[in-house]
Structure formats: structure tokens, C-alpha cells
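Down below is the structure, laid out as C-alpha cells.
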Amino acid sequence: MRDMDELFAALQRSKFRSRFRLRPKEADYLKQKGLEKILQHTREFIVSRLADAEPANDGQQTPIKNHPVFIAQHATATCCRKCLARWHYIPKGRPLTEPEINYIIEVIKHWLIGPDM
Ligand SMILES: [Zn+2]
């Protein structure tokens, strides 16, 4: 897990990661549901798609559109276990711990409410 400020500075230096933005449809969905509800979805996505030691289709389990959390995951490199290992120093090949899940939710929340919005 990584310091938030340092992480976001690094993400901003990545041409690929810094390009992601919510489209109007996704931004509207976020507004309509509210942050609390969206963060519940975030937890569900992480638990079902990332938390296992060997998640199904790892590297391809996160769609690139239609839910604000998917966009946030690509923007913050929390989209798959490879990216979590490379960007967040969370090792592959074992289940995510509860503190790691909470950290990932924090990272996604930070992006969703950040100055990019
Ligand atoms: Zn990834």
C-alpha cells in the first residue's frame, strides 16, 4: 500500500492513467446514486473481482466504461492484481486483506471526489 499523495502524483505522471475521465452518463450516475452507494458498489466489485488469490480473467475483469467505479479503477491502477502489485505494492497470488480492501476503496473515493471531477 502506498502514500496517497505520492500515489496520485505518480498517477498524474502516467499518460495512460491520467487520461481517464468520467463521461456525462457516468458522472450523472454517480450524482444520482450518491457517493455512499457508489462506495458500496466499489466494495462489491473489489470483493467479487479482485480479492481472491487468483481472480477470474485477471487483467480483463474490469470493463472500461459504464460504471464510474470502473473508470476510477483504471485511472488509479486498481483494475487488476497486476496493477495492484505494480502500482500499490500489494502482492499477487494471495487473497486481499481487509485493510488492503479498505485502502483500495479509499484510493477510488479519492479519485471520484478529487479535483478531476
Ligand atoms: Zn490492471
Open item on the list: Kindly evaluate Ala56 against the criterion of being aliphatic (A, V, I, L, M), without any contact (Cβ under 8 Å) to a residue 24 or more places away in the chain and touching a Lys or Arg at 6+ places or on another chain (Cβ under 9 Å).
Closed with: yes
TODO: Output the helices (runs of 4 or more DSSP H) that fall wholly within segment 13-110 and possess 2 or more residues being within 12 Å of the ligand (Cβ to nearest atom), or say none.
DONE: 15-18, 68-75, 81-88
Open item on the list: Given the criterion within 12 Å of Val107 (Cβ to Cβ) and touching a Ser or Thr at 6+ places or on another chain (Cβ under 7 Å), identify the matching residue among Leu11, Leu39, Leu7.
Closed with: Leu11
TODO: Please work out if Ile71 is under 14 Å from Ile105 (Cα atoms), of a type in the set (A, V, I, L, M) and in contact with a Lys or Arg (Cβ under 8 Å, 6 or more places away or on another chain).
DONE: yes
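Here is a yes/no grid of residues against (1) at pLDDT 95 or above; (2) surrounded by 16 or more Cβ atoms within 10 Å (Cβ to Cβ):
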residue	(1), (2)
Thr42	yes, yes
Asp52	yes, no
Pro55	yes, yes
Lys65	no, no
Gly93	yes, no
Glu98	yes, no
Tyr103	yes, yes
Gly114	no, no
Met117	no, no
Open item on the list: Restricting to segment 93-117, and then to whatever is free of Cβ contacts under 8 Å to residues at least 24 places away in the same chain and farther than 15 Å from Phe20 by Cα, can you tell me which residue is nearest to the chain's Cα centre (by Cα)?
Closed with: Asn102
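The values are calculated or read from the model by the stated rules, or taken from the named source; none is laboratory data. None of these values were measured; they are calculated from a predicted model. For neighbour counting, all protein chains shown are included, and Cβ atoms are generated from backbone atoms with ideal geometry for every residue, glycine included.
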